[in-house]
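Every number in this text was worked out from the coordinates using simple rules, so none of it is lab data. Note that the structure is a prediction, hence the values are computed from the model and not measured. Quick reminder, even Gly has a Cβ in these numbers, built from the backbone with ideal geometry, and neighbours come from all protein chains shown.
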Amino acid sequence: MKDAFPVETNNPFVAEALRARNLVFIVNPNSGTRLQAKIKDCIERYLNHRKFTYSIWYTERPGHATELAQKAVAEGYEIVVAVGGDGSINEVAAGLLHTDAVLGIVPAGSGNGLAMHLGYGRKIEEAIKKLNAAEVRKMDCGVLNGRPFVNVAGIGFDGLVSNLMKGQTKRGFIPYFVRSIKAGLQYVSKPCELQMNGETIRENCFVVTVANGPMYGYNVSIAPDARMDDGLFSVVVLKEAPRWHYFMAMPNVLSGKIFNENFVRHFTTKELVIKSEGDNYIHFDGEGSSYSGDLHFSILPKSLHVLVPREANYE
Ligand SMILES: [Mg+2]
């Protein structure tokens, strides 16, 4: 661990305020080319070493980031920074839920929906500088069938896109775009039953997105009104429609006006059950999976501490 600058004071309150915080970066070395070297260099250069002492830990396998985050909590680290995309953040956050440890983010994946929304931007250098002047907030997390998610989870077309991205070493906008087109042509809307707020809604659904945060990656604003601290999901249903309607809607989706589209229904709820026959493509923060059976969503209000850059648009 790197030594912080010594701070000399006799006042215990000042000493506590000036005390260097213990921080660990959890890095998925596979999430970007030459990331390992770049992250070290950027931390050395841009992290405020008066404020933070730090370690860097590397993940070795899927799910390892959750174990490392739990280890960090057990060892008394105050801040655990996920270096990666929404999938890496998901894994780290799962290890920090209901603890006092604080999640920080350095975007190094593709998409980076949550990092963008919280105001970290897309660049490693900028995000590290922003960690220096960030404040702690509490945010909600979602749970789908026992597994947590921090940003968005859902079923349908976006689940298929996430499944098509699985095992892809090449990430980035173009691979996502190509697979989104492919999935858009391939995916057939399915009858779904949505139970929430004492009501049952039946629709042929192209997508059902259960959003804690408003954006997928790449500024795709699926739930523009979603707030991460209101104890509610924003549920966005894209109903069956001619495929070209979805493509034509992209400008509205990118400018936060998706609710203007007439194939979109929108709800807010604390809990939701989705029933749909057969195997379903689902995703947790962009990590694809498939599932047959009911999908139970519930929200964990203010269950995660997160470092948010000052002046960020949190809502
Ligand atoms: Mg919310």
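Relative to the longest principal axis of the Cα atoms of the chain, the long axis of helix 64-74 makes an angle of roughly 40 degrees. Just checking the listed ones, Gly121, Gly198, Gly142: in the Gaussian network model of the chain with Cα springs under 10 Å, the one fluctuating most is Gly198. For a test of the definition: using alpha carbon positions, the gyration tensor, and the 1.5 limit on a/c, classify region 147-299 as rounded, prolate or oblate. Since a/c stays below 1.5, the shape of region 147-299 is classed as rounded. Here region 158-315 is treated with +1 on each Lys and Arg Cβ and -1 on each Asp and Glu Cβ, and its dipole about the Cα centre works out to around 520 debye.
Convex hull of alpha carbon positions in region 232-315: directionally averaged projected area 7.7 nm². Checking every one of the trypsin sites (Lys or Arg not before Pro) in region 225-292 against DSSP loop status and a limit of 10 other Cβ atoms within 10 Å picks out no site at all. Computed over the chain with a Gaussian network model linking Cα atoms closer than 10 Å, the most mobile of Val136, Val236, Val161 is Val136.
Applying the Karplus relation 6.51 cos²θ - 1.76 cosθ + 1.60 with θ = phi - 60° to region 253-263 yields 3J(HN,Hα) values of 5, 6, 10, x, 10, 4, 5, 6, 7, 7, 8 Hz, where x marks Gly and Pro.
Across all C-alpha atoms in region 15-170, the radius of gyration and Dmax reach 15.3, 53 Å. Helix 173-186: angle to the longest alpha-carbon principal axis of the chain, degrees 0 to 90, nearest 10? Once rounded, the angle reads 20 degrees. Whole-Hz Karplus values for region 234-240 come out as 9, 9, 10, 10, 9, 6, 4 Hz, taken residue by residue from phi with 6.51 cos²θ - 1.76 cosθ + 1.60 and θ = phi - 60°; glycine and proline positions read x. Cβ crowding within 10 Å, taken as a proxy for footprinting-reagent exposure, orders Ile174, Ile155, Ile105 from fewest neighbours to most as Ile174, Ile155, Ile105. At q = 0.09, 0.12 Å⁻¹ the log10 of I(q)/I(0) for the chain amounts to -0.45, -0.78, computed by Debye summation with a single uniform scatterer per C-alpha, solvent ignored.
The helix-based estimate of mean residue ellipticity at 222 nm for the chain, built from -39,500 (n - 2.57) per DSSP H run of four or more residues and divided by its residue count, is -8000 deg cm²/dmol to the nearest 500. Sequentially through region 201-206, phi angles give Karplus couplings (6.51, -1.76, 1.60; θ = phi - 60°) of 10, 10, 8, 7, 10, 7 Hz, Gly and Pro residues having no value and appearing as x. For a straight C-alpha distance cut-off of 29 angstrom, the lysines reachable from Lys239 (same-chain residues fewer than eight places away being disregarded) are Lys166, Lys182, Lys190, Lys257, Lys270, Lys275. As an exercise, use a Förster radius of 35 Å and the Cβ-Cβ distance of Asn219 and Val14 to find the FRET efficiency, rounded to the nearest 0.05. Efficiency computed from Cβ-Cβ geometry: 0.25. Fewest neighbouring Cβ atoms within 10 Å first, the residues Leu164, Leu304 line up as Leu164, Leu304. For a quick check of your reading of the filter: which GluC sites (Glu not before Pro) in region 67-171 sit in a DSSP loop and have no more than 15 other Cβ atoms within 10 Å? Counting only loop positions with at most 15 other Cβ atoms within 10 Å, the GluC sites (Glu not before Pro) in region 67-171 are Glu75. Tell me whether region 108-180 comes out rounded, prolate or oblate; compute the Cα gyration tensor, take square roots of the eigenvalues as a ≥ b ≥ c, and use a/c under 1.5 as the rounded threshold. Oblate.
Averaging the Cα positions of each part gives two centres, and for region 212-240 and region 112-181 these lie 12 Å apart.
Taking loop as defined by DSSP and a crowding limit of 10 other beta carbons within 10 Å, which trypsin sites (Lys or Arg not before Pro) in region 13-57 fit?
Working: sites: Arg19, Arg21, Arg34, Lys38, Lys40, Arg45, Arg50, Lys51; in loops: Arg19, Arg34, Arg50, Lys51.
Qualifying residues, ordered by number: Arg34.
Principal-axis analysis of the Cα atoms of the chain puts helix 35-46 at an angle of about 50° to the longest axis.
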